[in-house]
Amino acid sequence: MSAVEDLAVLDQPPAPTGPTGWTAARETARRAGRPASAPPCVPLTEALGRTLAEPLTALTDLPAFDTSAMDGWAVAGPGPWRVSGRLLAGRPADGPLADGAAVEIATGAQLPPGATAVLRREHGEPDGSLLRERVPGALTTGQDVRPRGQECRRGEELLPAGTTIGPAVLGLAAAGGHDRLAVHRRPVVDLLVLGDELLGSGLPRPGLVRDALGPLLPPWLRAAGAETGEPRAVRDDFGLLRDALRHSTADVVVTTGGTAAGPVDFLHRALAEVGARLLVDGVAVRPGHPMLLAELPGGRHLVGLPGNPLAAVAGAVTLALPLLHALAGRGPGGPVRAVAVDALPGHPVDTRLLPVRRTARGVVQLPYDGPAMLRGVALADALAVVPPGGAAAGAVVELLEAP
Ligand SMILES: Nc1nc2c(c(=O)[nH]1)N[C@H]1C(S)=C(S)[C@@H](COP(=O)(O)OP(=O)(O)OC[C@H]3O[C@@H](n4cnc5c(N)ncnc54)[C@H](O)[C@@H]3O)O[C@H]1N2
Ligand code: MOO
């Protein structure tokens with residue numbers, strides 16, 4: 001081994017020897033993800049759900065020209081005014097308006113030079129070719145005019161890099177003159193669902209249960225910025241799992257099940273066999289404590305979610321979403337907090353994640369929150385982070401996104 005390689009090995013944090021604290025585990029996952037360099041520039045139609053790789057700047061003043069905010073008349077100076085002509089939206093204004101003149105104007109039309117205000121249709125009284133105000137003297141200079149640059153000036157930063165591109169961002173980008181946006185690449189996720197007992201359809205039968213995570217995880221991971229296809233069912237076979245890990249080229253492999261120490265829980269062995277390095281091996285959190293995070297050769301990652309469905313949800317919010325957000329270039333965002341209406345029960349030494357519902361007075365616990373249950377979380381607005389020992393009534397707790 002060369003000296004450089006030697007140093008690189010010494011630089012790496014040692015493999016965890018026990019459960020990682022919940023906050024540290026989430027932070028480790030976030031730090032593990034770095035967005036790829038050279039972000040692509042994509043058309044607006046392909047940018048939804050991605051993250052701005054560069055600040056969004058205005059390519060134009062907004063509005064780009066003085067605009068009428070109302071249907072009525074553009075007027076110059078105090079009334080009464082002599083009316084001639086009509087200005088519609090979509091056509092450039094022609095000649096300037098002389099003092100004492102008015103022109104009929106539509107909302108959104110460019111104001112002619114010399115116009116001092118817009119008189120709304122309902123506030124004006126046409127009298128032959130003259131126009132008067134219904135309430136004389138009520139019109140003020142600049143009224144119902146959207147002056148050029150009111151919202152922004154050309155070159156002004158509208159949104160910072162790291163902003164998630166939602167419909168409003170697309171609209172703003174278009175308004176600001178953009179056809180394409182520099183965005184972070186979506187991290188590609190392979191989802192492997194482990195377990196011989198899992199059914200893809202139909203009713204549970206003796207010993208067999210429906211796969212609940214195959215339907216639950218992909219849309220949630222996509223909403224977190226990932227690109228992922230159909231989950232792949234992998235039977236409880238060491239060789240199959242090892243080969244699935246070995247052959248995946250995804251940025252992140254997410255597995256469900258097989259994290260514990262049962263006779264067919266092969267995940268740890270398969271990770272060792274493919275040369276993975278564990279970054280988190282168990283987390284002091286309930287449910288979900290066997291969750292893990294590993295670095296695969298080539299700097300890719302694997303998140304091992306426990307098989308119990310609510311434990312898998314806890315693993316996703318703790319490890320998978322922070323990792324994917326970081327890879328997708330999303331900032332961590334500020335914590336969301338709420339008051340606990342009643343006391344929230346905790347684990348004596350571990351953090352607990354509880355499905356809760358928002359009410360006007362704060363959040364309340366939902367029933368059916370066992371590790372194997374989804375009934376509570378399906379009704380939940382969020383997962384409350386309950387510190388060891390529990391949270392008293394009136395305490396402020398952090399909230400995490402529920403699927
Ligand atoms: N001796 C110990 N046993 C277990 C421990 C422990 O600490 N010591 N921890 C328990 C906890 S907590 C959890 S969580 C599970 C984690 O187990 P695995 O990740 O190995 O998951 P499996 O054994 O494969 O499955 C557990 C459970 O979940 C059901 N399952 C799995 N996948 C799905 C799916 N896609 N949809 C619905 N249900 C699923 C599976 O049938 C099992 O019932 O280990 C405990 N054991
Ligand atoms: O992770 Mo387990 O209960 O905590 O389901």
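The values are calculated or read from the model by the stated rules, or taken from the named source; none is laboratory data. Being a predicted model, the structure only gives us computed values, none of them experimental. Every residue, glycine among them, receives a Cβ derived from its backbone with ideal geometry; neighbour counts consider all protein chains shown. Quick note on the areas: whole protein, heavy atoms, side chains included, nothing else; ligands and nucleic acids left out. Shrake-Rupley method; radii C 1.70, N 1.55, O 1.52, S 1.80 Å.
Among the trypsin sites (Lys or Arg not before Pro) within segment 22-122, which fall in a DSSP loop and have no more than 10 other Cβ atoms within 10 Å of their own Cβ?
Those that pass, being in a loop and sparsely packed, number zero.
Heavy atoms of the protein only, probe of 1.4 Å, neighbouring chains included. What is the accessible area of D381 in Å², nearest 10?
80 Å²
Calculated FRET efficiency, A138 and T57, Cβ-Cβ r, R0 51 Å, to nearest 0.05?
For A138 and T57, the calculated efficiency is 0.80.
How far is helix 213-223 tilted off the main Cα axis of the chain, in degrees rounded to 10, range 0 to 90?
It works out to around 40 degrees.
Count charges around R146 for me, please; just the other residues with Cβ under 15 Å from its Cβ, Lys/Arg as +1, Asp/Glu as -1.
Spelling it out: positives minus negatives among the neighbours equals -2.
So, for the chain, what is the accessible surface per residue at a probe of 1.4 Å, expressed in square angstrom?
Heavy-atom accessible area per residue stands at 49 Å².
Could you check how much of the accessible area of the chain is carbon and sulfur, as a whole percent, using a 1.4 Å probe?
55 percent
Using helices alone, what [θ] at 222 nm do you get for the chain, with -39,500 (n - 2.57) per DSSP H run of 4 or more residues, divided over all residues and rounded to the nearest 500?
Rounded to the nearest 500, it is -5000 deg cm²/dmol.
Among V189, V264, V135, which one moves the most in a GNM of the chain with springs linking Cα atoms closer than 10 Å?
Result: V135 has the largest fluctuation of those listed.
Around L240, with a cut-off of 15 angstrom between Cβ atoms, what is the net charge of the other residues, counting Lys and Arg +1 and Asp and Glu -1?
Spelling it out: positives minus negatives among the neighbours equals -2.
Roughly how big is the chain's charge dipole about its Cα centre, with Cβ charges of +1 (Lys, Arg) and -1 (Asp, Glu), in debye to the nearest 20?
Its charge dipole is roughly 400 debye.
With each label point set 7 Å from Cα along the Cα-Cβ vector, what nm distance links E230 and D342?
Going by the 7 Å Cα→Cβ label model, 4.4 nm.
A372 label point, 7 Å along Cα→Cβ, cut-off 17 Å on backbone N: hits in segment 296-337?
The answer is 306-313.
Taking K and R as +1 and D and E as -1, what net charge do the other residues with C-beta under 9 Å from the C-beta of P287 add up to? Show your work: numbers first, answer last.
Values: positive: R286, R352; negative: D369.
The answer is +1.
Can you tell me the length gained on complete extension of the stretch S129 to A15, counting 0.36 nm per residue apart and subtracting the Cα distance?
32.4 nm
How far, in degrees from 0 to 90, does helix 238-247 lean away from the longest principal axis of the Cα atoms of the chain, to the nearest 10?
Around 40 degrees separate the two axes.
How far apart, in nm, are two points set 7 Å out from the Cα along the Cα-to-Cβ line at R91 and at A38?
5.1 nm
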